[in-house]
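A short worksheet on the structure shown next.
The values are calculated or read from the model by the stated rules, or taken from the named source; none is laboratory data. A quick note: this is a predicted structure, and the numbers were derived from the prediction, not measured. Cβ atoms come from the backbone with ideal geometry, glycine included; neighbour counts cover every protein chain shown. Heads up: the accessible areas ignore ligands, DNA and RNA and are worked out on the full protein's heavy atoms, side chains in. Shrake-Rupley method; radii C 1.70, N 1.55, O 1.52, S 1.80 Å.
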Amino acid sequence: MHVAMIGTGYVGLVSGACFADFGHIVTCIDKDAAKIERLKAGGIPIYEPGLDRIVARNVEAGRLFFATDAAAAVTAAEAVFIAVGTPSRRGDGHADLSYVHAAAAEVAELVDGFTVLVTKSTVPVGTGDEIEAIVRRVRPDADVAVVSNPEFLREGAAIEDFKRPDRVVVGTQDPRAQAVMRELYRPLYLNETPILFTSRRTSELTKYAANAFLAMKITFINEIAELCEAVDADVQQVARGIGLDNRIGAKFLHAGPGYGGSCFPKDTLALVRTARDAGAPVELIETTIRVNDARKKAMAEKVKAALDGGDLRGRVIGVLGLTFKPNTDDMRDAPSLDIVPALQAAGATVQAFDPEGLHEARQLLRDVDFKEDPYGVAEGADALVIITEWDQFRALDLDRIKLIMKRPVMVDLRNIYKPEDMRARGFAYASVGRASV
């Protein structure tokens, strides 16, 4: 099948490359000429494990193309996907749909014959209706079925998620559109992937509900971690104890400094605004947002407490990990963006390292001494803080770390290490939801 993908951001590029790997002919379109030229030259503008190989393989096979002009690709396409950004709108928190609306209008002018126009971007309930209205206004004669097909990709595991998803949700009740979507995802039938056809509005809400529930689950275990510290319990054992219940499940029960990234903060806020406008407020999610924001800001206090609760003026704090999660270069709403400035405001000098996020971090964090590896961060530090659980931080040479630090103090916000092991090595060690040593 011929597919046009409008937008070469995270969702558009991963989806386009994976559809091409399924055997479809895909053109990824973006108005950013520099990005398109980079892609044509073999460069990948985002960090996602394995994506470079899939892109290169399908470009070489003649199944994946990149363009700034949408005309040829959209005219030839049986399915056109809108995968542009929907950032939170300044002032009210609603999703900014201006890019989605502009893409819909452009596609409406170009389609030729029956075309399925698929919204892959995360959009509020009712956006499909707005897109359909735009198409009818711009091109009343267009034979277009507007479909919702939300993405459920985890950064760092997006290719696996696309090729072996838990489910595919498709919002349309048009038989012709359903046939096209079944054909697009036919390679997944071998894995017996459930494809759930719903109404368009149900599909749109499913995406927000999924992300809101996961954000709430993370926030729940973080609050339990606070309680564990107060009553001398172990949050990891509590999480295992409840996660073994099949009704609850073990995923997203890892205590830490709070959620971040491109989806949870934006999508929870958009859901809250949508629910308020509909007169059916989601108070659990409103509380989740408030608690998560407060938690990220409070993490600097754990560092102060680890240093005898004292003044951070004149102290050097080493930070390991800046991205919101490992295996991505995404800094959007990362906990580090709250923690590092809070440490600096308390008088500390911060030196930091991240395996993939330094380019973005340099744009977002001021007056940080960025280092080339974890040991450069540890050298001369009064305390070492782990914010992101990159694999290379899980097996540090702790004897070397202790030797080069000013004081052997570690604040592990991801519970990578065992308290008893750190005590045996002579570290003052603080973690999340477990007793400090």
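A compact table of results
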| quantity | calculated |
| --- | --- |
| Among residues of the stretch 60-102, those that are part of a helix (DSSP H, G or I) and in contact with a helix residue (DSSP H, G or I) (Cβ under 8 Å, 6 or more places away or on another chain), counted | 5 |
| The listed residue being touching a Lys or Arg at 6+ places or on another chain (Cβ under 9 Å) and either within 27 Å of Ala142 (Cβ to Cβ) or buried (at least 17 other Cβ atoms within 10 Å of the Cβ) (or both), out of Cys28, Cys18 | Cys18 |
| Positions within the stretch 381-437 being over 27 Å from the mean Cα position of the chain (by Cα) and on the phi > 0 side of the Ramachandran plot, in sequence order | Gly426 |
| Those residues of the stretch 256-286 which are without any contact (Cβ under 8 Å) to a residue 40 or more places away in the chain and open to solvent by less than 50 Å² (accessible area, probe 1.4 Å), in sequence order | Ala275 |
| Residue match in the stretch 387-396 (condition: polar (S, T, N, Q), assigned to a helix (DSSP H, G or I) and in contact with a helix residue (DSSP H, G or I) (Cβ under 9 Å, 6 or more places away or on another chain)) | yes |
| Matching residues in the stretch 87-143 - criterion: being buried (at least 19 other Cβ atoms within 10 Å of the Cβ) and among the small types (Gly, Ala, Ser) | Ala95, Ala103, Ala104, Ala108, Ser121, Gly128 |
| Unmet requirement for Pro419, which otherwise passes all of (1) surrounded by 21 or more Cβ atoms within 10 Å (Cβ to Cβ); (2) under 20 Å from Val238 (Cα atoms) | (1) |
| Of all residues in the stretch 119-143 being hydrophobic (A, V, I, L, M, F, W, C) and part of a helix (DSSP H, G or I), the one that is nearest to Thr86 (Cα to Cα) | Ile131 |
| Residue match in the stretch 153-166 (condition: in a helix (DSSP H, G or I), surrounded by fewer than 21 Cβ atoms within 10 Å (Cβ to Cβ) and either over 28 Å from the mean Cα position of the chain (by Cα) or of a type in the set (Ser, Thr, Tyr) (or both)) | no |
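For (1) open to solvent by less than 20 Å² (accessible area, probe 1.4 Å); (2) over 24 Å from Pro150 (Cβ atoms); (3) touching a helix residue (DSSP H, G or I) at 6+ places or on another chain (Cβ under 9 Å), each residue gets a yes or a no:
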position: Leu190; (1), (2), (3): no, no, no
position: Arg201; (1), (2), (3): no, no, yes
position: Leu214; (1), (2), (3): no, no, yes
position: Gly241; (1), (2), (3): no, yes, no
position: His254; (1), (2), (3): no, yes, yes
position: Asn292; (1), (2), (3): yes, no, yes
